[in-house]
Amino acid sequence: MRKYAFPKPGINHTIQKIMIYETKNNGVFLYLYLSQKDIPSHNDLWFEYMQDAEKFSKAYFHTNEGGWVMIDDPHEGCQDDLIRPIRRCKDNSYKLHEDGVWKDIEF
């Protein structure tokens, strides 16, 4: 399960967007973004349980239950921290899966 929110501006952070991703077997990731765009995250935090990630988000970023946007889990082989089906290649370039083909993309 994944969801994202736009935190309230704060004097102690410059984070523009956050995303929580609950994996099947590897805990919960909280991704932090410096932009509201669909770009790779700036940083991430790991939690064992979803409720801990949500509590942290509420306390630090002032999120609330109604402020989250639910999104699908990432496609297999794609980046967890991106909304669109984008994969990172060995040469550090990125490809977007669109209309049944992989296309080069730049951020």
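Miscellaneous remarks
- Cross-chain or 6+ apart pairs with Cβ under 7 Å, the stretch 85-107 first and closer than 20 Å to residue 71 by Cα and touching a residue at least 60 places away in the same chain (Cβ under 8 Å), then exposed (fewer than 11 other Cβ atoms within 10 Å of the Cβ) and not acidic (Asp, Glu): none
- In the stretch 19-32 there is no residue matching the filter, namely being touching a residue at least 60 places away in the same chain (Cβ under 8 Å), part of a loop (DSSP other than H, G, I, E, B), aliphatic (A, V, I, L, M) and surrounded by 15 or more Cβ atoms within 10 Å (Cβ to Cβ).
Where a number appears in this text, it was derived from the coordinates with a stated rule and is not lab data. As the structure is a prediction and not an experimental result, all values here were calculated from the model. Every residue, glycine as well, gets a Cβ built from its backbone with ideal geometry; the counts of neighbours run over all protein chains shown.
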